[in-house]
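These notes concern the structure reproduced below.
The values are calculated or read from the model by the stated rules, or taken from the named source; none is laboratory data. Everything numeric here is computed off the predicted structure, so don't read it as measured data. Here the Cβ positions follow ideal geometry from the backbone for every residue, glycine too, while neighbour counts run over all protein chains shown.
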Amino acid sequence: MTAEELNSLWQSMALLLRSHPWHGISIGEDAPQNVYTYIETVPSDTVKYEIDKKSGFLKVDRPQKYSSICPTLYGFIPQTYCAQITADLFRERTGRPTVTGDEDPVDICVLTEKVISHGDIIVRAIPIGGFRMIDQGKADDKIIAVMQGDALYSQWTNIEDCPRAFIDRLKHYF
């Protein structure tokens, strides 16, 4: 089988089979300036969805607590892994010697003015900053990004461009 025939076969198979969102989707050729993101949860969701690591399908993680909903699209950056390197950086920056990585893909919040009605989608995003976070002794940082081409938020190129009230809202959610 020639390389061209093999490539055609794989393209045909891709139409029949679904790629695993964590491992089967590219991070993008322009990473880290512009990344593909897999969106699990949107602002209108009253439950938190999370990728099932084994199957690649969305599963209900838990109902959202109280009236708190994530004010952004929320998901992860494919082909990333929060483990030893992330934990080392976290310990270095915070002086907390027992922190480990959460062994999940890197979380991302994507700002957009558009109403996106459901998760389980891929969005191009431009990272502008992030939050250093810890959850049950594990590094659980959140990248903050804007959706590529968004008419309102694409003018923000650094997290410092965001209004303080918006940053406070995000911090409150987490």
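A quick yes/no check of all residues on (1) among the charged types (D, E, K, R); (2) part of a loop (DSSP other than H, G, I, E, B); (3) under 25 Å from Y153 (Cβ atoms):
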position: T37; (1), (2), (3): no, no, yes
position: P43; (1), (2), (3): no, yes, yes
position: S55; (1), (2), (3): no, yes, no
position: D61; (1), (2), (3): yes, no, no
position: I69; (1), (2), (3): no, yes, yes
position: Y74; (1), (2), (3): no, no, yes
position: P78; (1), (2), (3): no, yes, yes
position: R91; (1), (2), (3): yes, no, no
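Within region 1-25, the set of residues being more than 13 Å from the chain's Cα centre (by Cα) and not in a helix (DSSP H, G or I) comprises M1, T2, L17, R18, S19, H20, H23, G24. Applying the set (1) of a type outside the set (V, I, T); (2) loosely packed, with under 15 Cβ neighbours inside 10 Å; (3) touching a residue at least 24 places away in the same chain (Cβ under 8 Å) to Q136 leaves exactly one unmet item: (3). Checking each residue in region 6-26 for being of a type in the set (G, A, S), out of contact with any Phe, Trp or Tyr (no Cβ under 9 Å at 6 or more places or on another chain) and either within 28 Å of T41 (Cα to Cα) or loosely packed, with under 12 Cβ neighbours inside 10 Å (or both) picks out S12, A14, S19, G24.
Please go through region 60-79 and give me each residue that is β-branched (V, I, T) and surrounded by fewer than 19 Cβ atoms within 10 Å (Cβ to Cβ), ordered by number. V60, I69 - these are the residues of region 60-79 that are β-branched (V, I, T) and surrounded by fewer than 19 Cβ atoms within 10 Å (Cβ to Cβ). Within the option set G24, G95, being within 17 Å of I122 (Cβ to Cβ) and at pLDDT 85 or above holds for one residue only, G24.
One line per residue, one yes/no per condition, for (1) in contact with a Gly (Cβ under 7 Å, 6 or more places away or on another chain); (2) in a helix (DSSP H, G or I); (3) farther than 21 Å from V47 by Cα:
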| residue | (1), (2), (3) |
| --- | --- |
| A87 | yes, yes, yes |
| E103 | no, no, yes |
| I128 | no, no, yes |
| A145 | no, no, yes |
| G149 | no, no, yes |
| I167 | no, yes, yes |
| K171 | no, yes, no |
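Just the residues that are surrounded by 11 or more Cβ atoms within 10 Å (Cβ to Cβ), out of contact with any strand residue (DSSP E or B) (no Cβ under 6 Å at 6 or more places or on another chain) and either among the hydroxyl-bearing types (S, T, Y) or at pLDDT below 85 (or both), please, taken from region 27-59. Of everything in region 27-59, just one residue is surrounded by 11 or more Cβ atoms within 10 Å (Cβ to Cβ), out of contact with any strand residue (DSSP E or B) (no Cβ under 6 Å at 6 or more places or on another chain) and either among the hydroxyl-bearing types (S, T, Y) or at pLDDT below 85 (or both), namely S44.
Just wondering, is there one or more residues in region 43-56 that are in contact with a Leu (Cβ under 8 Å, 6 or more places away or on another chain) and of a type in the set (A, V, I, L, M)? Yes, region 43-56 has at least one match.
Here I25 meets each of (1) over 28 Å from K171 (Cβ atoms); (2) free of Cβ contacts under 8 Å to residues at least 60 places away in the same chain with one exception, condition (2). The residues listed here are T46, T2, T37, T41; of these, the one that is farther than 20 Å from V146 by Cα, touching a residue at least 12 places away in the same chain (Cβ under 8 Å) and of a type in the set (S, T, N, Q) is T46.
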